[in-house]
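Colleague: One structure follows; several queries about it will come next.
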Amino acid sequence: MASTWNPDQYHRFQNERSRPFFDLLALVEPALGGSVIDLGCGTGELTKILHEKSEAATTIGLDSSETMLARAAEHSGRGLSFVQGDIDGFEGRFDIVFSNAAFQWLDGHEALIPVIASHVRQGGQLAFQVPANADHPSHLVAHAVAKEEPFATALGGYVREWPVLPPERYAEILDSLGFGELTVRLEVYGHTLKSSEGVVEWVKGTLLTDYQKRMPSEVYPHYLARYRERLLDEIGVKAPYFYAFKRVLARGRKIG
């Protein structure tokens, strides 16, 4: 399936999407002269900030999307590089393994986090942030519409499962893997959008891409129209609209 990631659509809410990155980065201590990898780096401008703030000698930005990486290439240089690849298949060990809003695209976090953690050097840090908003109408309606016809047939019965764990479970997993200095928290980010329609535009840049890539191009506009109809019925037509978005932030150092 071709990538449906659209950098311009994703960046319509760039400031709002960047806030969790900076909160996560504030938890990470520099690794002077060390090595860093950013899993799910997207268009790379935040990876560049990670590279500079961490004072690393080398930082790799990894992403599976060609369209995102094409935009990221302009940030390469001075020890920062970008490669195409999958989060569950990268190699090497690093002083900082960092990921901002990417792990939610992979299933099985009970098994995934230990695999990711194995790439952290002794004394190194793991830091990640994942959306925890699966119980908001913006997400619930997307899955409900996917079960309607003709979309259910077009999707072959596919409905996205949400793999994100409760924050306390991430803390337990990291502790069991020998990570200390743990900070694991649930943060609610309040985004004041111009109107309820803004939620549609927000989700078009993220969750809905998963459904878009799985159905014929002529069907997706009808799915989107039905999603908009049901969502606005659920959340109301408001201007402005307060979009409360939960996220889990986690950071630890490998000490055991």
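Rundown of residues vs (1) at pLDDT 95 or above; (2) open to solvent by 30 Å² or more (accessible area, probe 1.4 Å), yes/no style:
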| position | (1), (2) |
| --- | --- |
| MET1 | no, yes |
| TYR10 | no, yes |
| PRO20 | yes, no |
| LEU32 | yes, yes |
| ASP38 | yes, no |
| THR47 | yes, no |
| GLY61 | yes, no |
| SER76 | yes, yes |
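Colleague: Please find, within the range 205-231, the residue that is nearest to PHE94 (Cα to Cα) out of those that are surrounded by fewer than 19 Cβ atoms within 10 Å (Cβ to Cβ) and among the hydrophobic types (A, V, I, L, M, F, W, C).
Modeller: LEU224
Colleague: Out of the residues in the range 232-244 meeting the condition of being touching a residue at least 60 places away in the same chain (Cβ under 8 Å) and open to solvent by 10 Å² or more (accessible area, probe 1.4 Å), tell me which one is nearest to ALA154 (Cα to Cα).
Modeller: In the first step, residues of the range 232-244 are kept if they are touching a residue at least 60 places away in the same chain (Cβ under 8 Å); the result is 234-235, 243-244.
Pick out the ones that are also open to solvent by 10 Å² or more (accessible area, probe 1.4 Å) and you get 234-235, 244.
Values: GLU234: 24, ILE235: 27, ALA244: 31 Å.
Step by step, filter the range 232-244, then rank; the result is GLU234.
Colleague: Are any residues in the range 213-233 touching a Leu at 6+ places or on another chain (Cβ under 8 Å) and not hydroxyl-bearing (Ser, Thr, Tyr), and if so, which ones?
Modeller: ARG214, MET215, LEU224
Colleague: So, in the range 128-146, of the ones that are in a loop (DSSP other than H, G, I, E, B) and among the aliphatic types (A, V, I, L, M), which residue ends up surrounded by the fewest Cβ atoms within 10 Å (Cβ to Cβ)? Steps first, answer last, please.
Modeller: We begin by selecting, within the range 128-146, every residue in a loop (DSSP other than H, G, I, E, B); these are 132-136.
This time we only want the ones that are among the aliphatic types (A, V, I, L, M), so: 132, 134.
On the way: ALA132: 21, ALA134: 17.
Only one residue tops the list, namely ALA134.
Colleague: Which residues, counting only those in the range 49-59, are out of contact with any helix residue (DSSP H, G or I) (no Cβ under 6 Å at 6 or more places or on another chain) and either open to solvent by less than 30 Å² (accessible area, probe 1.4 Å) or more than 18 Å from PHE21 (Cα to Cα) (or both)?
Modeller: Listed by number, the residues that qualify are LEU50, HIS51, SER54, ALA56, ALA57, THR58.
Colleague: Next up: Please work out which residue is nearest to VAL164 (Cα to Cα), limiting yourself to the range 86-127 and to residues that are of a type in the set (Phe, Trp, Tyr) and surrounded by 22 or more Cβ atoms within 10 Å (Cβ to Cβ). Quick ask: steps written out before the conclusion?
Modeller: Of the range 86-127, the ones of a type in the set (Phe, Trp, Tyr) are 90, 94, 98, 103, 105.
So of that shortlist, the ones also surrounded by 22 or more Cβ atoms within 10 Å (Cβ to Cβ) come out as 94, 98, 103.
Working: PHE94: 24, PHE98: 17, PHE103: 8 Å.
Restricting to residues being of a type in the set (Phe, Trp, Tyr) and surrounded by 22 or more Cβ atoms within 10 Å (Cβ to Cβ), the top hit is PHE103.
The values are calculated or read from the model by the stated rules, or taken from the named source; none is laboratory data. Given the structure is predicted, the values throughout are model-derived calculations rather than measurements. With ideal geometry, Cβ positions are generated from the backbone for all residues, glycine too; neighbour counts draw on all protein chains shown. Heavy atoms of the whole protein, side chains included, go into the accessibility calculation; ligands, DNA and RNA do not. Shrake-Rupley method; radii C 1.70, N 1.55, O 1.52, S 1.80 Å.
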